[in-house]
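The values are calculated or read from the model by the stated rules, or taken from the named source; none is laboratory data. These figures come from a predicted structure and were not determined experimentally. Cβ sites come from the backbone with ideal geometry, for glycine too, and all protein chains shown count toward neighbours. Surface accessibility is based on the protein's heavy atoms, side chains included, excluding ligands, DNA and RNA. Shrake-Rupley method; radii C 1.70, N 1.55, O 1.52, S 1.80 Å.
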Amino acid sequence: MSDGQKSKGFFAFLSGRKMNSSSDPGRKARIKQKRKKFAWLARFFQRRPPKNQLVDQGVLPDESLPASKNKFFGVPLNDVYADSDRLLDNVPVPVYYCAITIEKFLDLEGIFRVSGTFSEMNRLTEEFEQGRIPDLEQVENKHSVSGLLEKYFRELPQPVTTWAMYEDFMHAADESFDEQGRVEYLKEVVNKLPEANQSLLSYFLGLMKRISKHSEVNKMGEKNLGVVFGSIILGPENLLLSLGDKKKLQNQSVVVGLLITHCPELFPDALGYLASEDYGEDG
């Protein structure tokens with residue numbers, strides 16, 4: 001084949017590709033859609049705070065610090081529950097004291113939605129870690145107490161529902177369930193959790209249920225609490241920058257809201273009393 005023939009064949013190939021692309025009217029739309037996706041991802045990374053800022057805010061751990069010698073915050077539940085001195089009412093000491101203090105201001109508007117004071121929460125954390133019991137009723141900002149409880153759960157090495165059972169819990173949001181079927185399924189799931197996790201989860205859900213019974217005043221019903229604690233209780237495993245993230249976040253909130261709503265049925269021995277409609281603001 002001569003050079004001229006090769007050249008003609010090459011240009012014919014290009015021409016054919018061009019004709020093929022023009023004969024596919026959906027191609028431009030698909031390319032445009034892909035560009036939009038990548039543009040969204042680029043904007044996300046541009047807006048994302050730098051790592052050192054996230055460390056300063058306590059969102060990410062400071063890897064330059066030596067290994068933690070904490071007794072409570074950031075410590076695996078198995079280690080905490082192996083030491084009876086770290087427990088009160090079969091939950092970690094900070095959780096117990098935060099809960100009994102929060103019980104005294106269940107009407108606080110925006111509880112768990114409004115942030116506490118970081119410096120105050122850090123001080124309270126350090127007091128617990130040093131074996132002291134701070135007077136949580138004398139805090140400058142009541143939201144620091146609820147923020148401290150949230151901090152405890154957020155800093156667990158793995159969520160109270162465990163990584164291994166993430167998909168099991170998330171399946172409870174499946175639309176194929178009716179309400180009773182969903183409850184029965186969740187009963188099976190929570191019963192598979194380790195004993196320490198069940199104890200802590202039931203205690204937490206009982207507190208959330210009591211808070212939700214004051215929602216007309218504090219504006220924090222079961223759904224709103226589910227939004228706050230969705231990724232904290234189930235874990236942020238879904239944050240993979242996929243287009244399904246929004247749906248996963250919604251489902252996490254739904255599942256935690258369901259756990260709060262039905263906790264008397266899920267843990268009847270510990271929380272059955274909360275099922276009573278008569279259990280109200282003075283209960």
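Things to note:
- D135 contributes an accessible area of around 90 Å² to the protein surface, as traced by a 1.4 Å probe with all chains present.
- Exposure ranking of K28, K192, K142 by accessible area [1.4 Å probe, largest first]: K28, K192, K142
- Extended-chain gain in nm, criterion 0.36 nm per residue less alpha-carbon gap, K246 and Q130: 37.8 nm
- For the stretch 126-235, the dipole from Cβ point charges (+1 on Lys and Arg, -1 on Asp and Glu) about the Cα centre works out to 240 debye, to the nearest 20.
- To the nearest 10, the accessible area of H171 is 80 Å² with a 1.4 Å probe.
- With a threshold of 19 Å on the Cα-Cα distance, the over-threshold entries among K104/K142; K142/K219; K219/K247 are K219/K247.
- Ligands, DNA and RNA excluded, the heavy atoms of D178 present near 100 Å² of accessible surface to a 1.4 Å solvent probe.
- Quarter of the Cα convex hull surface for the stretch 124-280, i.e. its orientation-mean projected area (nm²): 11.0 nm²
- The slack between D269 and S215, meaning 0.36 nm per residue of separation minus the straight C-alpha distance, is 17.0 nm.
- Working note: Karplus 6.51/-1.76/1.60 with θ = phi - 60° gives the stretch 140-150 the couplings 6, 10, 4, 5, 5, 6, 5, x, 5, 5, 4 Hz, where Gly and Pro are set to x.
- Label-point gap, in nm, between K187 and D174 - each point 7 angstrom along Cα→Cβ: 1.8 nm
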